[in-house]
Amino acid sequence: MKLVKELSTAAIAILVLTVMLGVAYPLVMTGISQVAFHNEADGSQIKVGGKIVGSRLIAKAFVIDTGKKHSDGNPITRPDPRYFQPRPSQTDYGATALAFSNRGPNQITARFFYRDQLNAYLALEGRFNPGLTKAKVPVDAVTTSASGVDPHISQANARIQAHRIASVRRLPLSRVNALIDDNTDGRFLGVIGEPGVNVLELNLALDKEAPAR
């Protein structure tokens, strides 16, 4: 009888805790978040014309399909010169598999990766920024973030890209820099981290200012 009582007590406890913590608590938290933080709870989605174009928390690639394919069948793309570019991504900006590169300072593949990223950055920005050298390229322009989908770039990176944007979009550089300022998030609590420019929001503001042709 004692064993039966203990088993029934344990079964009741499991059932009650499952209902409380596995059903009731998630439903209450979901309800509160939907009421108090509706946009954040839905992933901080950004919509244009009622269509979801991305999230302010996740980087998005702005590229042009070259019409060619890699050996694995994936399309070969190149950066779209009309838009600001996010920092490199280890996961090709896939939000379902967040990861960092895990490259060590003495790893030979890291040397090749950063070399290729530097060359690509200079190829895209160099002719719009006379005097731009490898030493002047911001670190975030050639390195991946810990998540692989950091939506921000540094202000220094954005200022360099602004010259290309101004030329391609035929906008005054001062106006492009003003858009950068408008879409820069400050330090957390005013002291933690560095200001970051949200690339997706900046590009949307850019399209609104001067629609891409």
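Observations, loosely collected:
- Each of Ile32 and Arg115 was given a label point 7 Å from its Cα along the Cα-to-Cβ line. The distance between the two points is 5.4 nm.
- Applying 1/(1 + (r/R0)^6) with R0 = 25 Å to the Cβ-Cβ distance of Glu209 and Lys134 gives a FRET efficiency near 0.20.
- Within region 125-208, trypsin sites (Lys or Arg not before Pro) in DSSP loop having at most 13 other beta-carbon neighbours inside 10 Å: Arg170, Arg187
- Cα pair distances exceeding 20 angstrom across the chain, given as percent: 68 percent
- Overall form of region 81-200 per C-alpha gyration tensor (a/c, 1.5; a/b vs b/c): oblate
- Of the residues Glu6, Glu201, the one with the largest accessible area comes first in the ranking Glu6, Glu201, computed with a 1.4 Å probe on protein heavy atoms.
- A straight Cα-to-Cα reach below 17 Å connects Lys51 with the lysines Lys60, Lys208, residues fewer than 8 places away in its own chain not being considered.
- Residue-averaged 222 nm ellipticity for the chain, from DSSP H runs of 4+ at -39500 (n - 2.57), nearest 500: -13000 deg cm²/dmol
- Accessible area (Å², 1.4 Å probe, nearest 10) - Ser101: 30 Å²
- Aspartates and glutamates whose Cα lies under 17 Å from that of Lys134, excluding same-chain neighbours fewer than 8 positions away: Asp116, Glu125
- Label zone at Arg175 (point 7 Å along Cα-to-Cβ), backbone N below 19 Å, region 58-85: 81-84
- Principal-axis tilt of helix 25-36 within the chain, Cα atoms, nearest 10 degrees: 40 degrees
- Cα convex hull, region 47-101: 131 Å³ per residue, rounded to a whole number.
- Measuring r between the beta carbons of Thr77 and Arg187 and using R0 = 35 Å, the FRET efficiency lands at 0.55.
- Between Pro75, Pro88, Pro195, the Gaussian network model of the chain with springs among Cα atoms under 10 angstrom shows the greatest mean-square fluctuation at Pro75.
- Note on Phe113: accessible area approximately 40 square angstrom, rounded to 10, probe 1.4 Å, nucleic acids and ligands left out.
The values are calculated or read from the model by the stated rules, or taken from the named source; none is laboratory data. Given the structure is predicted, the values throughout are model-derived calculations rather than measurements. We place every Cβ from the backbone using ideal geometry, glycine too, and count neighbours over all the protein chains shown. We work out accessible area using only protein heavy atoms, side chains counted, and drop any ligands, DNA or RNA first. Shrake-Rupley method; radii C 1.70, N 1.55, O 1.52, S 1.80 Å.
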